[in-house]
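Quick note: the coordinates plus some simple rules give every number you see, no bench work behind them. The structure displayed is predicted, hence computed values, not measured ones. Because the Cβ atoms are built from the backbone with ideal geometry, glycine has one as well, and the counts that use them run over all protein chains shown.
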Amino acid sequence: MRQIDDLPEIELHVAFVWDCDRCGSENWCRSVCMESAWMEQHEPDMVKEQADSIGDWHTYPEAVICGECGATYRAGTGDYE
Ligand SMILES: [Zn+2]
């Protein structure tokens, strides 16, 4: 049996998954990772609000297109109040 250390390594990326309302296909899009230094310079208020957060800043696109049927949607996180 192969040992885990013998396997080639590949880099994983943070991504968002969404299901198309029109055709039901599962779609993926990569997250855009913002460096902390860039965020502190360009979005200081957001950095202050999220001061307890640890880790990288990730954002998603404004709109997404289904890779199967071409339907276009405004992207949201589903946690609106
Ligand atoms: Zn679709």
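On full extension, the segment bounded by Val14 and Met46 gains 9.5 nm, given 0.36 nm per residue less the C-alpha separation. Per residue, the chain reaches -4000 deg cm²/dmol at 222 nm when only DSSP H runs of four or more residues are counted, each adding -39500 (n - 2.57). Computing Rg and the Kirkwood Rh from the Cα coordinates of the chain gives a ratio, Rg/Rh, of 1.10.
A Förster radius of 41 Å, combined with the Cβ-Cβ distance separating Thr72 from Leu7, puts the computed FRET efficiency at roughly 0.60.
Among the cysteines of the chain, Cys29, Cys33 have no other cysteine beta carbon within less than 4.7 Å of their own.
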